[in-house]
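Report on one structure; see the data block that follows.
The values are calculated or read from the model by the stated rules, or taken from the named source; none is laboratory data. Since we're looking at a predicted model, the values are computed, not measured. All Cβ positions, glycine included, derive from the backbone under ideal geometry; neighbour counts span all protein chains shown.
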Amino acid sequence: MSDLKKIKDEFLKKFNEKLNLTEINKLKSDLFGKNGLISSQFKKIGLISENDRKKFASDLNIIKDELQGLIELKIKEIENAEINEKLENEKIDVTLPERNFVRGKIHPVSQTIDEISSIFSEIGFSIEEGPDVENEYNNFTALNTPYNHPARDMHDTFYLDEKKEKLLRTHTSPVQIRTMLKDKPPFKIIAPGRTYRSDSDQTHAPMFHQVEGLYIDKEINMGHLKGCLDYFIKEFFEVKKIKMRFRPSHFPFTEPSAEVDIGYEIRDGKIIIGEGEKWLEILGCGMVHPNVLKNVKVDPNEYQGYAFGIGIDRLAMLKYGINDLRAFFECDYRWLNHFGFDPLDVPTNYRGLSR
Ligand code: PHE
């Protein structure tokens, strides 16, 4: 057997075994490397007798091309197989849900605002908003609270300029003015948002939340106000019965005015709403003062209605057993993790407000 045939047979024997890329590359250099078997045959050409030289060189070239072709093909095959295997192993189904991710929580105040909005929207209230930075007219004057009115001092206002024209709103009542100025009656709105007073202790924070309510139409009376608040408190606390009392009070922008307390008691360290001998003030309300209606070009002989302002943070504290108001605004992640709500669990009247 000629040397060339031997080389080829040897090669084919090895070549047909299952080879990986390193092994095939080794085979390649064994044949075609500097001192490889095929390369050495080329060096021999000059030594061969002239008669045989042509045929030998031609055979050698044929074998070289053949083996080289086989090797290149094999390398391609192995590389493709490797790529396919990699693709297969690294395949991910992007439509699958994530296995373990940390979700944020909804702050109890945001949750409470969502709950309140859901309850009032059930009975036809729409939602309005106003800016935190107000002018003194909307916050006081238009609300029947002129410059020297004592109620101005009671509000501990943060003024933003020396002329006392710009301020941080001390209540959400200016949204009543904004709403009535931009539209025609009837009005049936709530307006939740941030409010500010220079005051701070366990039950007062310089920034707190209120929700304003306003219902102006042709024959609205105090009975409607009571009915509305009774419905709201029961829905909010998810109870069938509620102890509620209207205490005569005074606000410049309502006449008559009342403050509403709800009854509660502490049993085994837990607060029970709607029973017991203790009272907690949660809102101010009344029939909108004719002067306020005049200020927004609504005829008080034709239209009247009620307004209320509820302290949101207080309600949230009561409902969710939080006893220090300041914790709401400290941004302690551990606290939020404990008292916060699942972001996917949006409160609605149908699905339950706080489950
Ligand atoms: N704005 C009042 C307050 O902050 C609450 C209130 C609103 C009272 C609407 C009556 C009517 O104390």
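Within segment 75-104, which residues are among the basic types (Lys, Arg) and at pLDDT 90 or above?
LYS76, LYS86
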note = Scanning segment 249-279 for residues that are within 16 Å of the ligand (Cβ to nearest atom) and surrounded by fewer than 15 Cβ atoms within 10 Å (Cβ to Cβ), the one farthest from ILE322 (Cα to Cα) turns out to be PRO256
message = Given the criteria more than 29 Å from PRO300 (Cβ to Cβ) and more than 16 Å from the ligand (Cβ to nearest atom), does ASP132 qualify?
response = no
inquiry  = For the condition hydroxyl-bearing (Ser, Thr, Tyr), at pLDDT 90 or above and either under 30 Å from PRO343 (Cα atoms) or outside any helix (DSSP H, G or I) (or both), what is the one hit in SER29, SER110?
reply    = SER110
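Looking only at segment 143-156, filter to residues that are within 13 Å of the ligand (Cβ to nearest atom) and touching a residue at least 12 places away in the same chain (Cβ under 8 Å); which one of those is surrounded by the most Cβ atoms within 10 Å (Cβ to Cβ)?
LEU143
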key: Single residue of segment 280-306 satisfying the filter (within 14 Å of the ligand (Cβ to nearest atom) and among the β-branched types (Val, Ile, Thr)) that is surrounded by the most Cβ atoms within 10 Å (Cβ to Cβ)   = VAL288
ask   = Within segment 307-321, how many residues are away from the ligand (no atom under 16 Å from the Cβ) and crowded, with 22+ Cβ neighbours inside 10 Å?
value = 2
remark   = So, first residue without any contact (Cβ under 8 Å) to a residue 24 or more places away in the chain in segment 181-196, second residue buried (at least 18 other Cβ atoms within 10 Å of the Cβ) and part of a loop (DSSP other than H, G, I, E, B), Cβ within less than 9 Å, six or more apart or across chains; the pairs are LYS184/VAL298
ask   = In the set SER118, SER126, which member is out of contact with any helix residue (DSSP H, G or I) (no Cβ under 8 Å at 6 or more places or on another chain) and buried (at least 16 other Cβ atoms within 10 Å of the Cβ)?
value = SER118
message = For segment 157-185: of the residues being farther than 16 Å from GLU136 by Cα and loosely packed, with under 14 Cβ neighbours inside 10 Å, which is farthest from the ligand (Cβ to nearest atom)?
response = LYS184
query = Which strands (runs of 3 or more DSSP E) sit wholly inside segment 245-317 and have at least 3 residues that are closer than 17 Å to LEU225 by Cα and in contact with a Phe, Trp or Tyr (Cβ under 6 Å, 6 or more places away or on another chain)?
reply = 254-267, 278-288
task = List the number of the failed condition for LYS241; all other conditions in (1) at pLDDT 95 or above; (2) surrounded by fewer than 18 Cβ atoms within 10 Å (Cβ to Cβ) hold.
result = (1)
remark   = Scanning segment 332-348 residue by residue, those of a type outside the set (D, E, K, R) and modelled with pLDDT of 85 or more turn out to be TYR333, TRP335, LEU336, ASN337, HIS338, PHE339, GLY340, PHE341
